[in-house]
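The values are calculated or read from the model by the stated rules, or taken from the named source; none is laboratory data. Being a predicted model, the structure only gives us computed values, none of them experimental. No Cβ is skipped: glycine too gets one built from the backbone with ideal geometry, and neighbour counts run over all protein chains shown.
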Amino acid sequence: MAQSIVSILPEILMTIFGLLLIVIDVLADEDRKSGVGYFGIAFILLALIASIPPFSGFKIYGFGKMVVWDVYSYAFFLTFAFAYILTTLGSVDYLKERGINKGEYYVIMYFSIIGMMFMVSATDLSVFYLGLETMAIAMYILAGYNKKDIASNEAGIKYFIMGAFSSGIFLYGLSYVFGYTGSTKYHIIAEFIKNNGISHFSIIFGLILMFAGFAFKISAFPFHMWAPDVYNGAPTPVAGFMTVAPKAAAFGGMVRFLMVAGVPAAEKWQLFFAILAVLTMTYGNLVAIAQNNVKRMLAYSAISHAGYMLIGLVAANDIGYQAIALYTMIYAFMNIGAFTLLSVLKNKGIIDDERLESFAGLAKKHPLFSLAMLLFMFSLAGIPPLAGFIGKFYIFMAAIKAKIYWLAIIGVLNSAVACYYYMRVTVFMYFKEAEYEVEANIKPAAFIATFIASAVVLLLTIFPSFLINIVKSMIV
């Protein structure tokens, strides 16, 4: 029993701190609700420090091998923590300006991370599903958090309906897998498939439904239909968080499932995800080109980035799943950084602050803002030697090592296409004259978030070995 409790130590710490956060929210004055977010940052840092695995091969299983505490789950915990810290800092002034700065915002986002942690720590499908729903319910609320905005209300409703539908598909598939194998534990499913094969209808149908539910969660084509409207309608800091943390959790959990339970049937699901990767990358990039709204452009680019990460899944080797963890960490800084800057932009001549025209001439009036946005755009495009290039390099190397050369080539070509729409933002900032008065008033909290994101992107450009060494120590 003691070992079981220790196996969920990070989640226990986060839950205790989360309950304290609720008490702090109740006690805090209405004009000091931002303090709840700052306490959340402190608590998540404490949990992060207290749950560092003592060595690279560290693994503690609990509750009959239903959950595990190891370096792999900790690597994704880092991504969730980065996403929470940056989003909280970027949200403070955004929420204040709109009169919706409530403590529950930070509490809900905090508890969503506990669900994500269970998703990547799970070695049992029932635990994975419980983590998935804990995360999803919090995301539905955050998407529709701005009750004063019709677009946010619509985003919340759309996400709830489509999310519930995809969760039902996943659960239905899970029931077929359980019915065929007699267990929801990854290692037992793997042993059963190894001994009995994967030719039976129940296991094929069950896995297809599970993979379809997973594809919904990462907004992979053609299961992406909810993503652009939800990301576009959600409060801007929330959109940044949603494009990073839930996606990282879904990938982290699915990689563990496939690398344990799916190994005996790797040839079957590799083709499925390879096709999904090509369609997702290509669709996301081509539609992003047509967007004049930068927030919507970043929403479609988030779809394309899911396609890149799927390449690591298809590779089905150590480099592949390490590359996914590395990619999600880097993506957290550059994408949330871009959304933070987008949230402070104010255009006095256009109703839609997020259009490309709002960026015209910004380099002259706000050089630091423009420089930071240029850094994030170049990194998202994967231009060397920035951090985004390092993430894509490892993803493509995983495909090459697995001898899936055609998939790596398609990934590189898609990266070249993506350069066009990312560069459009920088062209408007540096080479277009402003037609309207534009303000980019970055207040202290958002400035700190932007500074941290920019600094990390630059530091990883110069010293990439820090994160690379962390993910190289992962063992699923």
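Structural remarks
- Total residues in the stretch 284-321, condition farther than 17 Å from Tyr422 by Cβ, of a type outside the set (A, V, I, L, M, F, W, C) and either surrounded by fewer than 24 Cβ atoms within 10 Å (Cβ to Cβ) or at pLDDT 85 or above (or both): 3
- Selection status of Leu326, assigned to a helix (DSSP H, G or I), under 29 Å from Phe77 (Cβ atoms) and out of contact with any Phe, Trp or Tyr (no Cβ under 9 Å at 6 or more places or on another chain): no
Quick grid of which residues meet (1) over 19 Å from Asn292 (Cβ atoms); (2) touching a Leu at 6+ places or on another chain (Cβ under 8 Å); (3) of a type outside the set (Asp, Glu):
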| residue | (1), (2), (3) |
| --- | --- |
| Met373 | no, yes, yes |
| Ala408 | yes, no, yes |
| Val412 | yes, no, yes |
| Met423 | no, no, yes |
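- Of all the numbered requirements in (1) within 27 Å of Val127 (Cα to Cα); (2) assigned to a helix (DSSP H, G or I); (3) modelled with pLDDT under 85, Val255 misses one, and that requirement is (3).
- Enumerated helices (runs of 4 or more DSSP H) restricted to the stretch 188-252, each holding at least 2 residues that are modelled with pLDDT of 85 or more, over 20 Å from Ile113 (Cβ atoms) and in contact with a helix residue (DSSP H, G or I) (Cβ under 8 Å, 6 or more places away or on another chain): 201-217
- In the stretch 189-202, the residues that are in contact (Cβ under 8 Å) with a residue 60 or more places away in the chain and within 16 Å of Gly179 (Cβ to Cβ) reach residues that are surrounded by 12 or more Cβ atoms within 10 Å (Cβ to Cβ) and of a type in the set (S, T, N, Q) with C-beta atoms within less than 7 angstrom, at least six apart or across chains, in these pairs: Ile189/Thr181; Ile189/Ser183.
- Neighbours by Cβ (under 6 Å, 6+ apart or cross-chain): first from the stretch 314-332, closer than 20 Å to Trp269 by Cβ and touching a residue at least 12 places away in the same chain (Cβ under 8 Å); second assigned to a loop (DSSP other than H, G, I, E, B) and among the hydrophobic types (A, V, I, L, M, F, W, C): Ala315/Ala402; Asn317/Ala402; Gln322/Met474
- Residue that is out of contact with any helix residue (DSSP H, G or I) (no Cβ under 9 Å at 6 or more places or on another chain), on the phi < 0 side of the Ramachandran plot and not β-branched (Val, Ile, Thr), where the choices are Lys148, Lys158: Lys148
- Near pairs, Cβ below 6 angstrom, 6+ apart or cross-chain, from the stretch 12-27 (within 27 Å of Ser121 (Cα to Cα)) to any residue that is surrounded by fewer than 18 Cβ atoms within 10 Å (Cβ to Cβ) and modelled with pLDDT under 90: Leu13/Ala50
- Segments classed as helices (runs of 4 or more DSSP H), wholly inside the stretch 39-153, with at least 3 members that are buried (at least 21 other Cβ atoms within 10 Å of the Cβ), touching a residue at least 60 places away in the same chain (Cβ under 8 Å) and touching a Leu at 6+ places or on another chain (Cβ under 9 Å): 71-97, 103-121
- Every listed requirement among (1) assigned to a helix (DSSP H, G or I); (2) crowded, with 20+ Cβ neighbours inside 10 Å is met by Leu279 save one, (2).
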